[in-house]
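Just below is one structure, and these are the notes that go with it.
The values are calculated or read from the model by the stated rules, or taken from the named source; none is laboratory data. Computed from a predicted model, the values in this text were never measured in an experiment. As a convention, Cβ positions derive from the backbone with ideal geometry for all residues, glycine included, and neighbour counts pool all protein chains shown. Side chains included, ligands, DNA and RNA excluded: accessible areas come from the protein's heavy atoms. Shrake-Rupley method; radii C 1.70, N 1.55, O 1.52, S 1.80 Å.
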Amino acid sequence: MERHSLSSSDDEDDGEALIAQMETKAPPSPRVAGFEIRGIPGRVGRGLGSSKKCLIALCLPLLILAPFFFFNSGSLSRGVSAVSFGPRTENNQMLEGELRALYLLRNQHLGLLRLWNRTTAASTRSSSIVTSPPPPLVTNSNSTNSSQQIHHRSDSLLPSQPSISFEEFRSGLLEQIKLNQRVQSALLSTHRANPPNMSSEETGENLDDLLSSSGVLDVCRKLAKPSGRRTVEWKPKKNRFLFAICLSGQMSNHLICLHKHMFFAALLGRVLVLPSLKVDYHYERVIDVDHINKCLGEKVVISFEEFSEIMKNQMHIDRFICYVASPPCFVDEEHEKRLKGMGLSLSKLEAAWPEDAKLNQPKKRTVNDVRSRFSCNDKVLAIGDMFYADVEEEWIMQPGGPLAHKCETLIQPSRLIILTAQRFVQTFLGSNYIALHFRRHGFLQFCNIKSESCFFPIPQAAECILRVVEKANSPVIYLSTDAADSETNLLQSLVMSNGKVIPLVKRPGHNSVEKWDALLYRHHIGGDNQVEAMLDKTICAMSNVFIGSYGSTFTDDIFRLRKDWGSSSACDENLCHGERPNFIADKE
């Protein structure tokens, strides 16, 4: 089986399958900036181990800049806080300038943090930084006098430099990090909300808390899960059912549809009936249905086969109320024929909100809207595809989901897939790896019709990946992609840090000699496209840091799993977040 089929099989068709999201407008990332300390960490790491001269070269510029930072921080903060904004439409240029400055400061902040972490390692090898002239070059015993003269002339030309203890250097560096964060906080105070991908912790309030006992700043630390959730109890009546129908896109879209069906079933007090594998995916192969019921403490989700036994093969959808008015429930003639072919009779389709038929997208709805329009005493209810339903989005998307349960998450990979992912990680990746979902198939067209394209040239993508590598300090990257070898080979040649190649590891095809995927083949689900796509998701969700593809529901599902499992890190982001492609082709 070709590798590109593994991940792409679970991604979405270009037109209907990808979620239309609000796009974040951010200034392009500059490549060179006066405040950035890019490239220094690699040199420092080598210099501290082999020579003190590199540290001298590093300290002097920082010491020169220190008075400027210390004496001008107050005026800078006052200058920023004193800016008064008029109507937003008249100050777009000023706002963009501030956000650009904030972006540069954040890059400087990350560079300083990396430098701090390297000085921690170096402090074990050297206790002080002492300026001294280089030793004389000696070629033979007769050259002693001449070398002493050269040494004397060098001493007379070099100004005397004070010795700087290593701890003084580290203290000054830490002050610069704190000052950088104060400037970021001042810039942020003029905006109602933080820019995307910047948590309050990253802007400086809790710097001391980020210092571990070893003195190392964990830039890509795990993010704590919120302490409380807004939940609803799912206590269904045993003889009332909600028949799930999911049609849009592929598996990732169907899981989102299924997630929303579970929410509706809880609100309406109904047992959820999974679709038959004759008209939909084989969900029991991919997700752990028993896990859902165990987490909720009762049978709330049943298979189509169980539903058929309960109904004594006299299956009928008593009420078909469409959440989506046009096309009604997303049920076309072909799908209707397939449902009837399983012995399921349908009632007439009716729209919950007929006026929505004139809209491009359904309106936002609330819990009260749902209960008022879909509550009924009919035994079997269907509401059609829910992928595009916009109901209590923040509630549904919170870590752990909207339902009260005793587990981390309800919809998760099957136990066989989780064990196989763990065995793959133990075999190929180890405990410290970055995962990259690099969606390419169909994205060139999909991204370029958006106002801001999300399809990046390979060299630009490599630069963005390397910035994450520098923060995460991981030796290997797991690559989940549908890209051709011509693209991934070029990407691999460009992903190098400090002269060392960072391997891009793709999941290999089945080989009976390798035992990491033996469980799947022993249970006769190896080679199934949807199983392998979920395996990719699971490996990505287990990583230290995850880089996703903006606009892909495959990526969205990985972010959901990471939030639910508590594996999200402060460095998680979509590829080239906040940037625009440096070249965009013309539209057709």
Of the residues ASN511, ASN489, only one is at pLDDT below 95, surrounded by fewer than 17 Cβ atoms within 10 Å (Cβ to Cβ) and either in the same structural domain as ARG423 (by the TED database) or farther than 27 Å from ASN107 by Cβ (or both); which? ASN511
Within segment 355-366, how many residues turn out to be assigned to a loop (DSSP other than H, G, I, E, B) and among the hydrophobic types (A, V, I, L, M, F, W, C)? 1
Restricting the first residue to segment 318-333 and requiring it to be in contact (Cβ under 8 Å) with a residue 40 or more places away in the chain, which pairs with a second residue that is in a helix (DSSP H, G or I) and open to solvent by 60 Å² or more (accessible area, probe 1.4 Å) meet a Cβ separation below 6 Å and a spacing of at least six or different chains? CYS322/PRO328
Using the structure shown, decide if ASP369 is surrounded by 15 or more Cβ atoms within 10 Å (Cβ to Cβ), part of a loop (DSSP other than H, G, I, E, B) and at pLDDT 90 or above. no
Looking at the structure I just gave you, is ILE383 among the β-branched types (Val, Ile, Thr), open to solvent by 20 Å² or more (accessible area, probe 1.4 Å) and over 29 Å from the mean Cα position of the chain (by Cα)? no
Based on this model, can you work out whether GLY551 counts as part of a loop (DSSP other than H, G, I, E, B), farther than 20 Å from ARG439 by Cβ and open to solvent by less than 60 Å² (accessible area, probe 1.4 Å)? no
For segment 335-354, which residues satisfy the criterion of being more than 37 Å from the chain's Cα centre (by Cα) and part of a helix (DSSP H, G or I)? GLU336, LYS337, ARG338, LEU339, LYS340, GLY341, PRO354
Could you please find all residues in segment 339-356 being among the aliphatic types (A, V, I, L, M) and open to solvent by 50 Å² or more (accessible area, probe 1.4 Å)? LEU349
For GLU452, are the conditions met, namely being touching a helix residue (DSSP H, G or I) at 6+ places or on another chain (Cβ under 8 Å), open to solvent by 10 Å² or more (accessible area, probe 1.4 Å) and assigned to a loop (DSSP other than H, G, I, E, B)? no
Residues that are open to solvent by less than 10 Å² (accessible area, probe 1.4 Å), touching a helix residue (DSSP H, G or I) at 6+ places or on another chain (Cβ under 6 Å) and part of a helix (DSSP H, G or I): does segment 455-466 have at least one? yes
Given the conditions (1) over 23 Å from ILE418 (Cβ atoms); (2) in contact with a Pro (Cβ under 7 Å, 6 or more places away or on another chain); (3) modelled with pLDDT of 95 or more, which single one is not true for VAL300? (1)
Sole exception among (1) assigned to a helix (DSSP H, G or I); (2) within 11 Å of the chain's Cα centre (by Cα); (3) surrounded by fewer than 22 Cβ atoms within 10 Å (Cβ to Cβ) for HIS577, by number: (1)
Hey, LEU444 open to solvent by 20 Å² or more (accessible area, probe 1.4 Å) and closer than 20 Å to LYS587 by Cα or not: yes
Any idea which residue in segment 420-449 is farthest from GLN492 (Cα to Cα), counting only those that are out of contact with any Pro (no Cβ under 9 Å at 6 or more places or on another chain) and in a loop (DSSP other than H, G, I, E, B)? ILE449
Per the list (1) touching an Asp or Glu at 6+ places or on another chain (Cβ under 8 Å); (2) of a type outside the set (Gly, Ala, Ser); (3) open to solvent by 20 Å² or more (accessible area, probe 1.4 Å), residue check on ARG560 breaks on (1)
GLU394 versus (1) over 24 Å from the mean Cα position of the chain (by Cα); (2) assigned to a helix (DSSP H, G or I): which is the lone unmet condition? (1)
Of everything in segment 471-486 that's open to solvent by less than 70 Å² (accessible area, probe 1.4 Å) and assigned to a helix (DSSP H, G or I), which residue is farthest from ASN107 (Cα to Cα)? ALA472
Would you check which residues across segment 523-548 are open to solvent by 10 Å² or more (accessible area, probe 1.4 Å) and in contact with a helix residue (DSSP H, G or I) (Cβ under 9 Å, 6 or more places away or on another chain) and list them? HIS523, ILE525, GLY526, GLY527, ASP528, ASN529, GLN530, GLU532, MET542, ASN544
Go through the residues of segment 412-421 one by one and say whether even a single one is more than 27 Å from HIS254 (Cα to Cα), crowded, with 18+ Cβ neighbours inside 10 Å, assigned by the TED database to the domain that holds VAL531 and modelled with pLDDT of 90 or more. no
Quick check on segment 465-522: of everything there that is of a type in the set (D, E, K, R) and over 22 Å from the mean Cα position of the chain (by Cα), which residue is nearest to HIS441 (Cα to Cα)? ASP485
